[in-house]
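Reviewing the structure listed below.
The values are calculated or read from the model by the stated rules, or taken from the named source; none is laboratory data. The structure presented is a predicted model; accordingly, all values stated were derived computationally and were not measured. Methodologically, a virtual Cβ is constructed for each residue, glycine included, from the backbone with ideal geometry; neighbour enumeration extends over all protein chains shown. Quick note on the areas: whole protein, heavy atoms, side chains included, nothing else; ligands and nucleic acids left out. Shrake-Rupley method; radii C 1.70, N 1.55, O 1.52, S 1.80 Å.
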Amino acid sequence: MSHHRPSGVRRSPALLASLAALAAVAALWQPYAPDAVDLTLRNVGMSWTHPMGTDHLGRDVLSRILVGFANTLGAVAIVASVCIGVGMAVGILASSLQGFARAVLLRTAEFASVVPNLVAAIAIVAMFGNGTLVVGLALAAGAWGPHALLAFGLAERARGETYVRAATALGAGSAHLLRRHVLPAILDTQLAYLGAKIGRIVIAYSALAFLGLGADSSRPDWGAMLFEYRLMMFDQPTLMLWPGLAIVLLCVALREAIGWDKDAPARVSSP
């Protein structure tokens, strides 16, 4: 017995691993201290010693970009983990339950879905302070809701498929059905949905940093750099170019690593 399950999701573990490795290196090493002020090096252009130049306080821009990259990718990883982990767990659990318990889980997911993510994140960060973990969880506070509702719908559809009912009739247990049929039917679509919105997570994090609510107020962030350098956008346009370009490139890289490929053939699995 075989069945087709939704496929076409594009995954690039090598690209994801490369981004994670680069973020780890960027968090631990920068060519210069990112906040080291040296007024004798104000607005130095690109050179071998400062590949992205220096800013109006003589700080090395590349070092600040590297720290911002580590902060941003860390927050995105937290949001993605919560969306996939909590969203799928709540959706599948709701599909397995009936009555009041199912209604509570679904109403909770619906409430999380309608809460404006950025507004909720600003309120949470204002109450609990910043830090990569807090900001990531704040952005994930409402982001998991749509994933839970999507997982619920997919799980309900999978449980109603002929091959799942046949496996049930043959005595397959709940754990086997979940592992063999329900999870494969959900995971690809969840990853494709995450890939479609992961760029917005990067932009939302940068927006928080732009407002002064980034991971760590003592460390540079891309959004904070855009805010600080906006007054010099005509005199020193490259100061805004680098963090803006970094945001765009990270969005593209993550979209390439996780996304929907409509031309990919559907995969076939069998119980």
Task: Förster radius 41 Å - calculated FRET efficiency between ARG102 and VAL25 (Cβ-Cβ, nearest 0.05) - done: 0.35
Task: Nitroxide proxy distance, nm - points 7 Å out along Cα→Cβ at VAL248 and LEU133 - done: 3.6
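Report the equivalent ellipsoid semi-axes for segment 46-123 in whole Å, largest first, defined as the square roots of five times the eigenvalues of the gyration tensor built from alpha carbon atoms.
Equivalent ellipsoid semi-axes, largest first: 45, 14, 6 Å.
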Open item on the list: Output wanted: per-residue J couplings in Hz (rounded whole) for segment 225-237, from phi through Karplus 6.51 cos²θ - 1.76 cosθ + 1.60, θ = phi - 60°, x for Gly and Pro.
Closed with: 5, 4, 5, 5, 8, 4, 6, 10, 5, 8, 7, 10, x
Task: Area of ARG102 that stays accessible when all protein chains are in place (1.4 Å probe, Å², to 10) - done: 40
- [ ] Would you mind telling me the share, in percent, of accessible area of the chain contributed by carbon and sulfur at probe 1.4 angstrom?
- [x] 69
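Among 223-229, 35-41, how do they line up by average Cβ neighbours within 10 Å per residue, starting with the highest?
Numbers: 223-229: 22.3, 35-41: 12.3.
Highest to lowest by the protection proxy: 223-229, 35-41.
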- [ ] Please tell me the relative contact order of the chain in percent, rounded to the nearest whole number, where contacts are Cα pairs under 8 Å and at least six residues apart.
- [x] 30
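Just add up the charged neighbours of LEU57: K/R +1, D/E -1, any other residue whose Cβ is under 11 Å from the Cβ of LEU57. Walk me through the intermediate numbers first.
On the way: positive: ARG42, ARG59, ARG64; negative: ASP35, ASP38, ASP55, ASP60, GLU228.
Result for the local shell: -2.
I'm a student and want to see the number: the projected area of the Cα convex hull of the chain, averaged over all directions, in nm².
Details: hull surface 67.4 nm².
For the chain, averaging the hull's shadow over all directions gives 16.8 nm².
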TODO: Based solely on C-alpha atoms, express the radius of gyration and the Dmax of segment 86-152 in angstrom.
DONE: 13.1, 39
Task: Three-way shape label, segment 142-190, alpha-carbon gyration tensor, a/c 1.5 - done: prolate
Task: ³J(HN,Hα), Karplus 6.51/-1.76/1.60, whole Hz, each residue of segment 120-129, x for Gly, Pro - done: 4, 5, 4, 5, 5, 5, 5, 7, 10, x
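If the viscosity is 0.692 mPa s and the temperature 37 °C, what Stokes-Einstein diffusion coefficient in µm²/s follows for segment 1-140 when Rh is the Kirkwood radius over Cα pairs? Provide the component values of the computation, followed by the final result.
Details: Rh = 18.8 Å.
For these conditions, the coefficient is 175 µm²/s.
So if R0 is 35 Å, what FRET efficiency would VAL114 and LEU170 give, r being the distance between their Cβ atoms, rounded to the nearest 0.05?
Numbers: r = 41 Å, r/R0 = 1.18.
The value I calculate is 0.25.
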TODO: Subtract the Cα-Cα distance of LEU93 and ARG200 from 0.36 nm times their separation in residues, and report this length gain in nm to one decimal.
DONE: 35.8 nm
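Grab the DSSP H runs of the chain that are 4 residues or longer, score each as -39,500 (n - 2.57), total them, divide by all residues and round the 222 nm result to the nearest 500 deg cm²/dmol. Let's see the in-between values first.
Working: 10 runs with 176 residues, N = 271.
It lands at -22000 deg cm²/dmol.
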Open item on the list: For segment 81-238, report the % of Cα-Cα distances exceeding 25 Å.
Closed with: 44
